[in-house]
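Everything on this sheet refers to the single structure shown next.
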Amino acid sequence: MDKPKVVLGVSGGIAAYKAGELLRRFTESGHDVRVVPTASALHFVGAATWSALSGHPVSTEVWDDVHEVPHVRIGQHADLVVVAPATADLLAKAAHGLADDLLTNTLLTARCPVVFAPAMHTEMWEHPATRENVATLRRRGAVVIEPAVGRLTGADTGKGRFPDPAEIFELCRRVLARGVPEPDLAGRHVVVTAGGTREPLDPVRFLGNRSSGKQGYALARTAAARGARVTLISANAALPDPAGVDLVTVGTAEELRAAVLKAAGDADAVVMAAAVADFRPAVYATGKIKKQDDQEPAPIALVRNPDILAEISARRARPGQIVVGFAAETDDVLAHGRAKLRRKGCDLLVVNEVGERKTFGAEENEAVVLGADGSETPVPYGPKEALAETVWDLVAARLD
Ligand SMILES: Cc1cc2nc3c(=O)[nH]c(=O)nc-3n(C[C@H](O)[C@H](O)[C@H](O)COP(=O)(O)O)c2cc1C
């Protein structure tokens, strides 16, 4: 089989050097990559680097090798174009259909999925011109990854940072696998919760659970690859930040509740994959609870935590909002699942059985997605991304 053909556009931002890692990830996983830098990008990383790492000639202009008509051919033959980093200037040119170099010509001739990974100072990202250019590109079907928040060029920090290249690669891999130029969640805002809450007992101890956050992170990544604006509310997950999602970190169930209610205000869908503690210690000891040599420890009294899934299902911050819950069960899985779906009032409930190589901490999962409409969608044992894709298929169908 032919290797998938990827065009890696690199424009003139300080993050251009990080595109080298993205290129390596593509080539080492069997992709044929053609790097098309802008002239400005070569101020940051030279053509020799791109050529040696990709095994292809590198040009910024339409005037080299004219007999091969590169300004048309490269885009026409691509299976994916990813521009990383994408400067404010490059986004503006792409939004307006300018074609004054090889990369902008390639963007006009490509009919495959196109991903932009913008990176710039916060002021440039927030400028109305850039906002409108990003909106235009998204409306036309491009996936424009939200930049990360963090350290920028120089001493300042804010939104505009180039996401982790490994995470951009994951997102591109998913876009390539779907092979659909139209991202079906474009223009949608989805909220995903992930991880497990921790309910503090004293300054060093907590009541927690085994959730790793992998299923929620898979949901966030796949939604971003399908063009959604994603708010990922993450409770105690030790995982890399997925590219293109707005990350909110929380600790306890109360914090998770506040974050969900805030983010759900304009959300089209809320997917509650986090394992939220049902109970918390009734009393928080401000000092470490000491071991007494001659006494048994005092029992820990628990109180109920708020039922966030039931609350947002009843509240529906906007008409037509889809709410998805998760249920991890150990026995009589489907019967418990159906009862929970009715009790909570959500639209979909992903029911999975807690087991050795699935659910908590595993890379794989197996589940049945129950619908309030009586539907049952079994998802066979496989990667958590596959389950995530099925959840979004079911959500997208209900949003339509
Ligand atoms: C040191 C330095 C760093 C820059 N970093 C960025 C950046 O991260 N993002 C951005 O949009 N522009 C950045 N610029 C400005 C662009 O290089 C400039 O807009 C250029 O015209 C972009 O050209 P291109 O879009 O054709 O690559 C930077 C400029 C300099 C000198």
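Calculate how many DSSP beta bridges within the chain are antiparallel, expressed in % of all such bridges and rounded to the nearest 5.
The antiparallel proportion sits near 35 percent.
Taking the Cβ-Cβ separation of Leu334 and Ala92 as r and a Förster radius of 51 Å, what is the calculated FRET efficiency to the nearest 0.05?
For R0 = 51 Å, the calculated efficiency reads 0.45.
About the Cα centre of the range 5-178, how large is the charge dipole given +1 on each Lys and Arg Cβ and -1 on each Asp and Glu Cβ? Please answer in debye to the nearest 20.
With only Lys, Arg, Asp and Glu charged at Cβ, the dipole is about 560 debye.
Taking the Cα centre of the chain as origin and charging only Cβ (+1 Lys, Arg; -1 Asp, Glu), how large is the dipole, in debye to the nearest 20?
For the chain, the charge dipole is close to 600 debye.
Between Ala155, Ala94, Ala314, which gets the highest mean-square fluctuation from a Gaussian network model of the chain, Cα cutoff 10 Å?
Most flexible of the set in this elastic network: Ala155.
Which of these, Asp278, Asp268, Asp293, has the largest mean-square fluctuation under a Gaussian network model of the chain (Cα springs below 10 Å)?
For the chain, modelled as a Gaussian network with Cα springs under 10 Å, the answer is Asp293.
By count of other Cβ within 10 Å, fewest leading, how are Ile233, Ile322 ordered?
Ile322, Ile233
Sort Arg226, Arg140, Arg257 so the one with the fewest other Cβ atoms within 10 Å of its own Cβ comes first.
Placing the least packed residue first, the sequence is Arg140, Arg257, Arg226.
Can you give the extra length, in nm with one decimal, that the chain gains between Glu182 and Lys3 once fully stretched, where that is 0.36 nm per residue apart less the Cα-Cα distance?
Additional length available on full extension: 62.2 nm.
Quick check: pseudo-label points 7 Å beyond the Cα along Cα→Cβ at Ser375 and Arg139, how many nm apart are they?
Distance between the two pseudo-spin positions: 3.0 nm.
Under 30 Å Cα to Cα from Lys262, which lysines show up? Leave out anything in the same chain fewer than 8 places away.
Reachable lysines: Lys159, Lys214, Lys340, Lys344, Lys384.
Counting other beta carbons within 10 Å of each residue's own, what order do Thr249, Thr197 fall into, fewest first?
Ascending Cβ contact count within 10 Å gives the list Thr249, Thr197.
Between Ala48 and Glu296, how many nm apart are label points set 7 Å from Cα along the C-beta direction?
7.6 nm
Please list, short to long, the whole-number percent of alpha-carbon pairs of the chain in consecutive 10 angstrom bins beginning at zero.
5, 21, 28, 21, 15, 7, 2, 1, 0
Give the dimensionless ratio obtained when the Cα radius of gyration of the range 189-399 is divided by 2.2 N^0.38 Å.
Rounded to two decimals, the normalised Rg is 1.04.
State, to one decimal in nm², a quarter of the convex hull surface area for the C-alpha atoms of the range 5-178, i.e. the direction-averaged projected area.
Spelled out: convex hull of the Cα atoms, projected over all directions, averaged, 9.0 nm².
Net charge within 13 Å of Glu126 by Cβ-Cβ distance, Lys/Arg positive one each and Asp/Glu negative one each, not counting Glu126 itself?
Summing Lys and Arg as +1 and Asp and Glu as -1 gives -1.
Pull out the extension gain between Val354 and Ser29, defined as 0.36 nm times the separation in residues minus the alpha carbon to alpha carbon distance; nm, one decimal.
113.8 nm
Would you mind calculating the relative contact order of the chain from Cα pairs under 8 angstrom and at least 6 residues apart, reporting the percent as a whole number?
It rounds to 11 percent for the chain.
Please give the FRET efficiency for Arg131 paired with Asp393, using the beta carbon to beta carbon distance and R0 = 45 Å, rounded to the nearest 0.05.
0.90
If I model a spin label as a point 7 Å beyond the Cα along the Cα-Cβ vector, how far apart are those points for Val66 and Leu239 in nm?
So the label points at Val66 and Leu239 sit 5.2 nm apart.
Any read-out appearing in this document is the output of simple, stated calculations on the displayed coordinates, not a laboratory observation. Model, not experiment: these values are computed from the prediction. All Cβ positions, even for glycine, are placed from backbone atoms using ideal geometry, and neighbour counts span all protein chains on display.
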